[in-house]
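Have a look at the structure below, then the notes.
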Amino acid sequence: MNILITGGAGFIGSHLCKAFLQRGDYIICVDNFITGSKDNIKEFLNSQNFRLIEHDISTPLYINDSIDWVLHFASLASPKDYITYPIKTLKSGLLGTHNCLGIAKAKNAKFFFASTSEIYGDPLIHPQVEEYWGNVNSIGVRSCYDESKRGGEALVYAYNRQHSIDVRIVRIFNTYGPNMQIEDGRVVSNFIVQALRGEDLTIYGRGNQTRSFCYVDDLVAGLLRIMEVNYKLPLNLGNPSEFMVSELAKLVLKLTKSKSKIKFLPLPEDDPKKRKPDITKAKKILSWQPQIRLEEGLKKTIEYFRRKLEADTRGSIRG
Ligand code: NAD
Ligand code: UDP
C-alpha cells in the first residue's frame, strides 16, 4: 500500500513507519521536525520505499503519487511542548487535519486520525469509555491540544458524512518507549532521564494523580489492526493498568538503581487527576489487548535512554 503519514519522524510515527516498511508498504513521511528527529528515521532514509517530505502540514501539500491511506499523526503531543506552542498545536490539529482530509479526498484514500485521551479532559467518569463526551476547559492552558483534537475529530466526521471518506479515529492513551526525545517532557521519559543523570525526579503535585501507560509495541499492534477492520467510530487504545505518578517514580528509581531523590513541584493547571482507558471495544473489535507490563516496557525504555544519553555525551566530548 502507499501510505502518507504526517509526524512520521516522531515517537509513535517512526515505529509505524518501521512496521509499514517491514510489511512492504511505500511510505511518504511528512514532518517538520518540530519535535521529531532525523535519528528516528535514519535507518529508512536509504530505502526505495521511503520518501521524506519536510513540510509543515498546517499548510497545504500537493502529492503526485497515488495514496491508499493518509495517517495524520503530526501534532505537538507533550504538555510541555503544546503549552509552549499553543497556536502551532491548534493549527496542526485543525488546519493540518483539514489539509490531510483534502489529500485523502483527492486521492480517494482512507483517513486515519491520531486522537487522544485528552479529548476526555479531566474526566468525571472512570475508566473512560468512548461514549463519554469529556470535561474540557475550552480556554485553559491545555485547550490548544484538547480542542485541536476535538475539532480534528469533528472535521473527520464532517468529511465522512459529506464526502463519504472512509475514516478511523483512535484515542491514544499515554504511550511510552524508545524513540522518545530526551527533552520530550512527558512523565516516563522525564523520570528515566532524570534517574539516569542522577538528577531529582520532578513529581508535579502530590503524585497521587494516575495514568495508564502503554508500551509503544502494544499500541502499534493495535493501530495496525484498526487499519484491517471496518470500524469507523472512535476507539480507545491504551493499557488499562493504572498507576499513580508517585508509583511510577519509585519503579523508575528501582529499575535504574538510581540514587536520585524525589522533588515535588506545583501541579500544572488543569492536569487530569486520573486517566484509564476502557478498552472493551478494542478487545472485541480488534481482538487486541496490551501484552507488555509496565516493568518490562520500562526496562526496554531505560536501555534506549541509557544508550541515547551515552551517545549524546560522546558527541559533546568530540564536539
Ligand atoms: P511526537 O512529538 O514524538 O511526534 C509528533 C511528530 O509530529 C513529530 O515528529 C513532529 O516533528 C511532527 N509535527 C508536529 N507538528 C507538525 C506539523 N505542523 N507539520 C509536520 N509535522 C509536525 O509525539 P508522539 O507521542 O509520537 O505523538 C504522535 C501522535 O499521537 C500525535 O498526534 C499525538 O497527539 C498522538 N498521541 C500520542 C500519545 C502518546 O502518549 N504518545 C497520546 C495521545 C495521542
Ligand atoms: N508529571 C510529573 N513530572 C514530570 C512530568 C509529568 O509529575 O516530570 C505528571 C503530570 O503532571 C501528569 C502526569 O505526570 O499528571 C503525566 O504527564 P505527561 O506530561 O506525561 O502527560 P499527560 O498525561 O498529562 O498528558
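Read-outs: derived from the displayed coordinates by stated rules, not from any lab. The structure presented is a predicted model; accordingly, all values stated were derived computationally and were not measured. Quick reminder, even Gly has a Cβ in these numbers, built from the backbone with ideal geometry, and neighbours come from all protein chains shown.
What the table below lists for this structure:
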read-out: Residues whose placed amide H lies under 5 Å from that of L201, excluding near-sequence neighbours; value: K261, I262, K263
read-out: Relative compactness, region 1-146, computed as alpha-carbon Rg over 2.2 N^0.38 Å; value: 1.09
read-out: In degrees, nearest ten, helix 97-107 long axis to first principal axis of the chain (Cα); value: 40
read-out: Packing-based exposure ordering (other Cβ within 10 Å, fewest first) of C17, C100; value: C17, C100
read-out: Isotropically averaged projected area of the chain, using the convex hull of Cα atoms (one quarter of hull area), nm²; value: 15.9
read-out: Relative contact order (%) - criterion: Cα under 8 Å, at least six apart; region: region 97-197; value: 33
read-out: Least to most buried among T59, T175, T210 (fewest other Cβ within 10 Å first); value: T59, T210, T175
read-out: Integer Hz, Karplus 6.51/-1.76/1.60 couplings in order for region 262-272, x for Gly and Pro; value: 9, 10, 9, 10, x, 6, x, 4, 6, 5, x
read-out: Dimensionless Rg ratio for region 89-148, taking C-alpha atoms and the 2.2 N^0.38 Å reference; value: 1.32
read-out: Rg and Dmax [Cα atoms of region 35-92; Å; Rg one decimal, Dmax integer]; value: 13.7, 37
read-out: Normalised per residue, the volume of the convex hull around the Cα set of region 243-319 (Å³); value: 180
read-out: Using alpha carbons only: equivalent-ellipsoid semi-axes of region 176-314, gyration tensor based, whole Å; value: 29, 19, 12
read-out: Distant-in-sequence amide H partners of L52 (H built 1.01 Å from N, under 5 Å); value: C29
read-out: Acute angle (nearest 10 degrees) that the helix 216-228 long axis makes with the longest principal axis of the chain, alpha-carbon atoms; value: 20
read-out: Relative contact order (percent, whole number), region 1-48, Cα cutoff 8 Å, 6+ residue spacing; value: 45
read-out: Choice from N40, N99, N230 showing the highest fluctuation, given a GNM over the chain with Cα pairs closer than 10 Å; value: N230
read-out: T175 long-range amide H proximity, modeled H, under 5 Å; value: C214
read-out: Helix 294-318 axis, angle to the chain major axis (alpha carbon atoms, nearest 10°); value: 80
read-out: Gyration tensor verdict on region 1-80 (Cα atoms; rounded if a/c is under 1.5, prolate if a/b is larger than b/c, oblate otherwise); value: oblate
read-out: Eligible aspartates and glutamates near K257 by straight Cα distance, threshold 18 Å, same-chain separation 8 or greater; value: E199, D200, E247, E295, E296, E303, E310
read-out: Sequence of F44, F191 once ranked by neighbouring C-beta atoms within 10 Å, starting from the fewest; value: F44, F191
read-out: Cross-link reach list, lysines versus K88, counting only Cα pairs under 18 Å and skipping chain neighbours closer than eight places; value: K80, K149
read-out: Spin-label pair Q22/E242, simplified geometry with 7 Å Cα→Cβ offset, distance in nm; value: 3.2
read-out: Region 210-270: projected area of the alpha-carbon convex hull, averaged over directions, in nm²; value: 6.3
read-out: Relative contact order (%) - region 153-221, alpha-carbon pairs under 8 angstrom, separation at least six; value: 33
read-out: Hydrodynamic radius by Kirkwood, which averages 1/r over all alpha carbon pairs of region 75-204, in angstrom; value: 16.1
